[in-house]
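*Asks:* Sharing a structure, written as structure tokens. Questions coming.
Readers should treat all values here as calculations from the given coordinates under stated rules, not as data from a laboratory. Model, not experiment: these values are computed from the prediction. Using ideal geometry, Cβ is built from the backbone for each residue, glycine included, and neighbour counts are taken over all protein chains shown.
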Amino acid sequence: MKRDGFKALTYPAVFFVFILFTLMLLVYFFQSSPAFHRFGLGVYTRNIWKAAEEPELEDYGLLAAIWGSIYTATIATLLSLPLAIAYSLFVVDYSPKRLKKPLIVMSDIMAGLPTVIYGVWGATFLVPFLRDWVMKPLHDHLSFIPLFSYPPATGYSYLSAGVLLAIMVTPFASAVIREAYSMIPFTYREAVYSLGATKFEATRILLGYIKPAIVSGMILAFGRAVGETVAVSLVIGNAFNVEIGLFAPGYTVSSLIASQFGNAFIYGYMTPVLFAAGLALFVVGLVVNVIGLKILKGWEENVHL
């Protein structure tokens with residue numbers, strides 16, 4: 001009886017969250033509708049940003065910002081996931097006992113730091129470092145490869161944003177993976193070693209056991225990276241480019257909204273376009289989460305088989 005009463009108490013909270021989420025989406029759809037009436041889906045497929053005092057002369061396209069968001073978040077996820085896995089393995093299996101607690105605390109502190117701190121550090125140290133020691137050598141010797149073909153004039157680029165985001169999201173991904181890896185039953189570890197597995201082989205087998213946590217860490221890292229605003233704005237260059245070159249400056253949806261929303265009310269269609277950009281960010285996050293759930297479902301079916 002008490003269990004049913006407690007269960008009933010949770011319903012209002014669930015209902016409130018659902019209503020809040022629905023209302024938020026309705027606001028975005030309503031506010032962005034003038035942009036869709038004026039530009040159609042071209043607001044997502046064209047790369048143009050022409051503000052004008054006369055509404056009929058305004059022309060906007062969000063392709064560069066959407067591309068920048070997905071590109072930088074993908075770079076961050078690809079860089080952070082190996083770091084998060086390696087960090088988790090070291091903390092759980094290899095680090096001395098006296099270092100485990102400080103390493104975990106340091107990771108938690110990094111996760112809680114204000115993002116502007118990362119952004120200022122990235123603009124003053126990371127960008128010059130990557131420009132002089134990574135971008136220029138790669139461009140000088142491997143410019144025939146499209147990824148390295150764009151001249152790194154300033155260092156503010158997709159790569160700088162991706163690396164900074166990777167540093168920012170690694171603590172979040174590692175926290176998920178570390179907790180899952182440390183909770184593997186000791187009997188499983190004994191069983192693996194009893195079969196004569198080496199340390200490396202045992203680690204590979206145990207990592208396979210926590211595959212859902214690794215996928216969850218990847219989704220968390222991507223979601224955290226694709227929505228970052230302040231730090232990315234300071235290091236990406238804020239240029240309307242659609243380039244595959246890692247060294248090109250660009251824009252993300254979040255940095256575009258942050259930089260343009262303050263004066264958007266001056267123009268007739270800029271505010272609706274920025275709301276449409278927010279909708280695009282929502283769709284990207286939804287697609288990534290659906291893919292992650294599909295992967296987890298396939299893994300669970302294989303395990304049950």
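*Asks:* Multiplying the sequence separation of Thr10 and Tyr188 by 0.36 nm and subtracting their Cα-Cα distance, what value in nm do you get?
*Replies:* Values: separation 178, 0.36 × 178 = 64.08 nm, distance 3.59 nm.
Full extension of this stretch gives 60.5 nm more.
*Asks:* What 222 nm value per residue comes from the helices of the chain, counting each DSSP H run with n ≥ 4 as -39,500 (n - 2.57) and dividing by all residues, nearest 500 deg cm²/dmol? Present the calculation step by step, with values, prior to reporting the outcome.
*Replies:* Details: 14 runs with 213 residues, N = 305.
Per the formula, -23000 deg cm²/dmol.
*Asks:* Take segment 71-267, drop everything but the C-alpha atoms, weight them equally and run the Debye formula without solvent; then report log10 I(q)/I(0) at 0.09, 0.16, 0.17, 0.18 Å⁻¹ to two decimals.
*Replies:* -0.42, -1.00, -1.07, -1.14
*Asks:* A further question follows. For the chain, with the dipole built from +1 on Lys and Arg beta-carbon atoms and -1 on Asp and Glu ones, taken about the Cα centre, which of Ser107, Pro34, Ala76 lies farthest toward the positive end?
*Replies:* Ser107
*Asks:* Any idea how far the Cα center of segment 57-90 sits from the one of segment 176-207, in Å?
*Replies:* 31 Å
*Asks:* How big is the dipole moment of the chain about its Cα centre under a simple scheme where the beta carbon of each Lys and Arg is +1, that of each Asp and Glu is -1, and everything else is neutral? Debye, nearest 20, please. It would help to have the intermediate numbers written out before the result.
*Replies:* Values: 20 positive and 17 negative charges, 237 e Å.
Once rounded to the nearest 20, the dipole reads 1140 debye.
*Asks:* Positive end of the charge dipole of the chain (Lys, Arg +1 and Asp, Glu -1 on Cβ, about the Cα centre): tell me which of Gly196, Ser149, Ala52 has its Cα farthest that way.
*Replies:* Gly196
*Asks:* Please give the contour-minus-distance gain from Val287 to Val116: 0.36 nm per residue of separation, less the Cα-Cα distance, rounded to one decimal in nm. Spell out each step's value before the answer.
*Replies:* Details: separation 171, 0.36 × 171 = 61.56 nm, distance 2.80 nm.
Computed gain between Val287 and Val116 is 58.8 nm.
*Asks:* Which lysines, on any chain, are close to Lys211 with Cα under 19 Å apart, when same-chain ones fewer than 8 places away are left out?
*Replies:* Cross-link targets: Lys199, Lys294, Lys297.
*Asks:* Compute the long axis of helix 211-226 from its Cα atoms, compare it with the longest principal axis of the Cα atoms of the chain, and write down the angle in degrees, 0 to 90, nearest 10.
*Replies:* So the inclination is approximately 20 degrees.
*Asks:* What net charge do the residues around Ala73 carry, taking every other residue with its C-beta under 10 Å from that of Ala73, with Lys and Arg at +1 and Asp and Glu at -1?
*Replies:* Around Ala73, the surrounding residues sum to 0.
*Asks:* While we're on this one: To test your reading of the geometry: what angle, between 0 and 90 degrees and rounded to tens, separates the Cα axis of helix 63-89 from the longest principal axis of the chain?
*Replies:* The answer is roughly 20 degrees.
*Asks:* Mind checking the full-extension length gain between Ile19 and Glu54? Use 0.36 nm per residue of separation minus the Cα-Cα distance, one decimal, nm. Please report the intermediate quantities before stating the final value.
*Replies:* Details: separation 35, 0.36 × 35 = 12.60 nm, distance 3.77 nm.
Here the segment from Ile19 to Glu54 would lengthen by 8.8 nm.
*Asks:* Continuing with the same structure: Considering the options Leu220, Asn238, Tyr94, tell which one lies farthest towards the positive end of the dipole of segment 71-267, charges being +1 on Lys and Arg and -1 on Asp and Glu at the Cβ, about the Cα centre.
*Replies:* It is Tyr94.
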